[in-house]
1. Neighbouring Cβ atoms within 10 Å as the yardstick, rank C:C27, A:C43, A:C78 fewest first.
2. What is the gain in length, in nm to one decimal, between D:D197 and D:T160 on full extension, counting 0.36 nm per residue of separation less the C-alpha to C-alpha distance?
3. Among C:L78, C:L108, C:L41, determine the one that fluctuates most according to a GNM of chain C built with springs between C-alpha atoms less than 10 Å apart.
4. With only Lys, Arg, Asp and Glu charged, each at its Cβ (+1 for the first two, -1 for the last two), find how big the charge dipole of chain D is about the Cα centre; round to the nearest 20 debye.
5. Measure off 7 Å from each Cα along the Cα-to-Cβ vector at A:K3 and D:R182, then give the distance between these two points in nanometres to one decimal.
6. As a test of the formula, what do you get for chain B when each DSSP H run with n ≥ 4 contributes -39,500 (n - 2.57) and the sum is divided by the residue count, at 222 nm and rounded to the nearest 500 deg cm²/dmol?
7. How big is chain A along each principal axis, measuring the range of its Cα positions in Å and listing the largest first?
8. For chain B, report the convex hull volume of the alpha-carbon atoms normalised per residue, in Å³, without decimals.
Amino acid sequence: MNKQTITESIRGFISPKTLPYPRQPSVPPEGFRGKPEFDLQKCVGCGACAQTCPMGAINVTDGLERSIRVWYGKCSFCGRCQDVCPEEAIRLTSAYELAVFDKNKATADVKIEFESCPSCGRKFFPAPQLKKSFEKMEPILEKRNISNEELRSLDRVCPSCREKPEELSKRKLFLVNFG
Amino acid sequence: MTASIISSIAFYVLQPFFGFIVGALFYWVFRKIRARLQARRGPPWYQTFADVTKLLFKESITPLIADKTIFYLAPLLAFTGYLVALLQLPIGNVYPPLAGDLIVILIFLTLPGVAIILGGSSSGSPYGAIGSSRETALLVASEIPFAISALVTGIQVKSMSIIKIVDAQNQFGPMAFHYPFATVAFFMCMLLKLGRKPFDIPDAEVEIIAGPYTEYSGSLLGLFEISNVLRWFVIPAFAVNLFFAGGLGNLFVFLTLCLVVVALISFLDTQNSRYRIDQAFNFLLTWATLLAVIDLVRASTGWALW
Amino acid sequence: MLKKIVSKLRKKSPWVMHVPCGGCNGCDIEVVAALTPLYDLERFGTLQKGSPRHADILAVTGPVTVQVKERLRRVYALVPNPKIVMAIGSCAISGEVFADGYAFAGPLDQIVPVDIYVPGCPPRPEAIIHGVAQALARL
Amino acid sequence: MPVALPIGPYHPALKENTYFRLEVEGERIVNADLKIGYNHRGIEWLAARRTYHQDIFLCERVCGICSNAHSTCFCQTVEDLAHIEVPDRAKYLRVIVAELERLHSHFLWFGVAMHVIGFDTAFMHMWKDREIIMRIVESITGKRVNYGFNTIGGTRRDFTPNIVKSIKDGINAIEKAADRIRNTVTRDRLVKKRALDIGYLSVEDAKRISVVGPTARSSGINADIRRDDPYAAYSELDWNVIIRDGGDVLARVVVRLLEIYESIRLIRQALKSLPSGPISTDISQLEFPVSEAYDRVEAPRGELFYFIKSNSTNIPERVKIRTPSYMNNAALTTMLIGNSTADAPLIIASIDPCYSCTDRVAIVNVKNGDIAYATMEKLSRKKAH
């Protein structure tokens, strides 16, 4: 027995320190790293998050469309994906009450449409990423007086169609113009 | 004649239920006070009932290496000990039909300790064995001051009947004023009898898991839990009867005094760390026994206030 | 009627045994923190028990390593029915960063049946309380 | 005839699984054996299969309590390896977070020690106070445990003025809490009775077994990496190394208690002289030479050692970790023999053991230099042959 514990016990007896948690939500501080979520509008489907994730919690699967899925049953909430995302499309929210009965449902995903090749119709590349790269190229192209349309028509062709002779000649012409 | 038979049957039927309900509430009071003194909120009032019900309806596993007869008998023995002691105790203005005898109560209060020793050693777990050996040591050390301090009251009124002891106190004032040393010694032993700190050595969680209870599960553990609940009524009630005049023959005062005793025990429980077994043994055999013996000498030589 | 009362009271008295299975200690500490004054799991009747025989809920943390796999099975068998297994932390759910390692024997639900998963690395004590509350609905 | 008493692998006194086999005569311990390996997860093997950036988060998960010390040590080793200069501000931020971590670890330890001797009220009060630190840490780094604060070349987050203020307020509250711990631990008769003269480790034994950290300092060994091999901004700050020569559990209690005050002093100084500027160097052009580097950090439990061998790719060829608990655990057998079984949990707790740190066993085949990482199962099978 000692005086310190007794005084503190009495203080605790009068006013317990327990948070009224389940009745009132307990808000984590600013900058808390909770459940990762995609911004469906911003995501371009580049897959940088999946590349860098130290835990391998983010999966990219290509089918008819690209689906990026973060399984937060495997996530460590480190925030590396948030750091590397070029579009700030993945964000760690402050949600932390993640208990689930089925672990496969502990996911957040985003579906990205593919660009289809104009000549063969094959879906080969996430459309928003292509669009974004065109946007980034635009100032450079403008400087050189090259129309964006021309590049766009070239890059929308899938890698296998680019091997075709007419496409090859088009690309060579473009590169000559580009300087 | 018939009226007295009916009333005594009613007493024997109702007293255990009363004891169980009040004991459950006292146990909850203890847990609540402990939580509050630790700056927490603590469990809701029905907690003990929930615990007991859950355990009684849970699967009970018997270890293969356990000595089955003793393993099953031990919880029953502990329960019987407290039950018989409970049926001997006057509660406020309710007196038992067969006058309670101090010696009988003391003997039956030893029974749960023996039951724990048997249960622990029969379970075949090393933790149970160590818990049992610790319980044995503590039983030996605590029975001496416990019995002496309780007997002081009996020697004073020259009768071993609990009712006579209570009545004498109604006349001359509570024993706690006349025999403070015996009261203190009795309180020390009460902490041990209730398995509270600093004497919760037989089932010290961090050292030997749950000690003698380690291998018990389900309804057998539930039976132990029921005897635990009963002891939270029996032992404070015993103390109030012996040293606080049995609540002056008033049920309400009696229960309030019991509550004060429970609160005091909760406070002592939270403010102490656990003794090592040898330290506890020495403490009980020297200090508690010394205090009890002082008042024993005072009582037997008539050198007291009344 | 009796069954109803029992199942109701059962939800009010979940005794937890914490089973560390080779995690990084983070979840273990947060499980203990959930018992301390700020979070106080005892409000819901929860007690931490050391013996699996007394437990209703097994709170398992950490990726299950090769070494503890058999021991975890044994502990699970010691728990009397009805019982609940909580997988606390991402490690217990999927192995997280250790999933590719040679010492990883999990994930937990391949060794013992799991009732509820609490993701987080580690989950906050609040999230553990939330998980316990959710799990009790299943008891 | 001694009787074997197992402690663990699952035991309430140990928050992790490990196995002690105590041979007891009555209540007296005559021999002690420690079996580790339950937490072996193959971290060093995994580390050689991930990029440096991914390894930061892997190393953090060696131990959840001293996670920041692990990531600091890893990042510093990589910085040595690739000759990266860390900005001054980042160095100070690292000191502050490291000391906050030491504070929370020591508070945690005090609570556990109290719990082990059965003083649950003190345990609850100390963990209640520990939450102050957890809140600060959470607002700085975004997580309560496994902060993910360090990165190669600096830190990932900066302190906003709000955070600086909350640390300053929090530190005052922590100092008061530390006073409370001091009063509780030093004035409680029962606590003293339990901690005095048990688990004795002499200076000679301490040197022979090479214990580190508070365990070494409480046996009279003057060693602290923060002073002996200064890293981050420790060389620019003024503090004392706490040394006691009692060698028993009480001395370890006192050393940790006084270290709390030194940590508070360090944080205050670091906050006062916090330089402005960037928090991390740009490492986008990072290239790794073929070389080796090692670094040491004083984790809350003692000296932490990292060795990295690189091979010009972005994946390390070998990462070797030696954790403080690995060294301290070896001293346990010496400490335990001759004491009572009732004291065993307290003695084990007194070195603040961390088995998640310890359990990384490797066998090196000297003939051909092959490194095989083994589980205990494999090891025991090998012995049987």
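Any read-out appearing in this document is the output of simple, stated calculations on the displayed coordinates, not a laboratory observation. These figures come from a predicted structure and were not determined experimentally. Every residue, glycine among them, receives a Cβ derived from its backbone with ideal geometry; neighbour counts consider all protein chains shown.
1. Working: C:C27 31, A:C43 22, A:C78 28.
Least to most surrounded, the residues fall as A:C43, A:C78, C:C27.
2. Result: 8.6 nm gained on full extension.
3. Taking springs between Cα atoms under 10 Å, the residue moving most is C:L78.
4. The calculated dipole for chain D is roughly 680 debye.
5. Result for the modelled spin labels: 1.5 nm.
6. Values: 13 runs with 218 residues, N = 306.
Rounded to the nearest 500, it is -24000 deg cm²/dmol.
7. 91, 39, 26
8. 131 Å³
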